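A short write-up of the structure that comes next.
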Amino acid sequence: MEWRGTGILLAVRRHGESSAIIEVFTEAQGRHVGIVRGGAGRKMGPVLQPGAQLDVVWRARLEEHIGAFTVEPDRSRTAAAMSDRLMLAGLNSVTNLLSFCLPERVPDEELYRRSEELLDLLDFPDVWPLAYLRWEVLLLKQLGYALQLETCAVTGTTQDLIYVSPKTGRAVSRLGAGDWADRLLPLPPALRGLGDAPDHEIFDGLKTTGHFLSAHMAAHLAGRPLPEARARFLDTFSRRL
């Protein structure tokens with residue numbers, strides 16, 4: 001068995017004395033795991049950094065085997081991320097979330113494309129947080145937890161939508177919230193793709209997406225907490241507000 005492609009390196013762990021097991025997210029193969037011979041050595045260490053774009057060839061005797069990768073670097077994103085603490089925290093959040101929640105060997109072309117585009121924006125810290133928020137909204141959708149933010153779940157109105165139901169992911173208007181307002185999640189314009197998206201709105205949007213990633217996706221899909229990398233990203237972002 002053999003396939004070739006390009007993908008995003010999600011995770012690396014040492015295997016034996018000199019090899020490494022890597023996870024790569026590719027457009028056609030989804031999240032795929034394999035061994036890199038010599039991957040723990042000095043030559044490959046700088047190449048095998050999470051977030052890197054790699055050209056890979058995977059080979060195995062049988063399809064169900066873990067198989068082995070040969071890799072060639074396409075482009076590194078380490079320099080862009082290392083130049084800004086928020087970008088580094090963001091890169092780690094993206095790669096950790098994808099490694100955490102994606103099923104193995106299940107393609108998702110839209111999520112792959114958007115993930116690649118997001119990581120290619122690491123050189124632009126002014127626009128990256130909003131792009132990241134939109135990426136988390138897509139991640140929820142692709143995993144079956146789409147937010148429905150166009151009309152109020154209570155009144156049906158499309159006006160004055162400022163809350164999200166933590167149970168259903170549906171928008172709720174100010175009027176529709178009534179006495180339940182303090183139990184609802186914020187729905188800033190940035191989460192709906194509206195307005196100028198100041199940082200405090202993006203942060204509020206991330207608190208809302210974080211609830212669904214944790215209480216719905218992680219609890220039901222993985223049965224364990226979200227990777228700490230996401231919390232570190234939010235903590236770093238909060239210091240910028």
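The values are calculated or read from the model by the stated rules, or taken from the named source; none is laboratory data. Since we're looking at a predicted model, the values are computed, not measured. Reconstructed Cβ throughout: ideal geometry from the backbone, glycine too, with neighbour counts over all protein chains shown.
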Quick one: which of 185, 149, 161 is touching a His at 6+ places or on another chain (Cβ under 8 Å), within 26 Å of residue 129 (Cα to Cα) and of a type in the set (A, V, I, L, M, F, W, C)?
185
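Residues checked against (1) exposed (fewer than 14 other Cβ atoms within 10 Å of the Cβ); (2) in the same structural domain as residue 50 (by TED's automatic domain parsing); (3) over 25 Å from residue 97 (Cα atoms):
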| site | (1), (2), (3) |
| --- | --- |
| 168 | yes, no, no |
| 177 | no, no, yes |
| 192 | no, no, no |
| 195 | yes, no, yes |
| 231 | no, no, no |
Here the residues within segment 37-51 that are closer than 10 Å to residue 8 by Cα and either touching a residue at least 60 places away in the same chain (Cβ under 8 Å) or in contact with a Gly (Cβ under 7 Å, 6 or more places away or on another chain) (or both) are 51
Output the qualifying pairs, or none if there are none: Cβ atoms under 8 angstrom, residues six or more apart or on different chains, first residue in segment 52-72 and exposed (fewer than 14 other Cβ atoms within 10 Å of the Cβ), second residue outside any strand (DSSP E or B).
61/1; 62/1; 63/1; 65/1; 66/60
Segment 85-131, residues that are in a helix (DSSP H, G or I), in contact (Cβ under 8 Å) with a residue 24 or more places away in the chain and charged (D, E, K, R):
85, 109, 110, 113, 114, 116
Selection status of residue 23, surrounded by fewer than 19 Cβ atoms within 10 Å (Cβ to Cβ), closer than 30 Å to residue 235 by Cα and either touching a residue at least 60 places away in the same chain (Cβ under 8 Å) or of a type in the set (Lys, Arg) (or both)
no
Residue among 173, 99, 83, 165 that alone is over 20 Å from residue 189 (Cβ atoms) and at pLDDT 95 or above:
99
Looking only at segment 208-241, filter to residues that are over 21 Å from residue 11 (Cβ atoms) and among the aromatic types (Phe, Trp, Tyr); which one of those is farthest from the chain's Cα centre (by Cα)?
237
Which numbered condition residue 35 fails, given (1) over 27 Å from residue 196 (Cα atoms); (2) loosely packed, with under 14 Cβ neighbours inside 10 Å:
(2)
Does residue 10 qualify as being among the hydrophobic types (A, V, I, L, M, F, W, C) and under 17 Å from residue 135 (Cα atoms)?
yes
Answer with yes or no whether residue 211 is surrounded by fewer than 12 Cβ atoms within 10 Å (Cβ to Cβ), out of contact with any helix residue (DSSP H, G or I) (no Cβ under 8 Å at 6 or more places or on another chain) and under 26 Å from residue 150 (Cβ atoms).
no
Just to be sure I understand, how many residues within segment 197-207 are more than 18 Å from the chain's Cα centre (by Cα) and under 18 Å from residue 149 (Cβ atoms)?
2
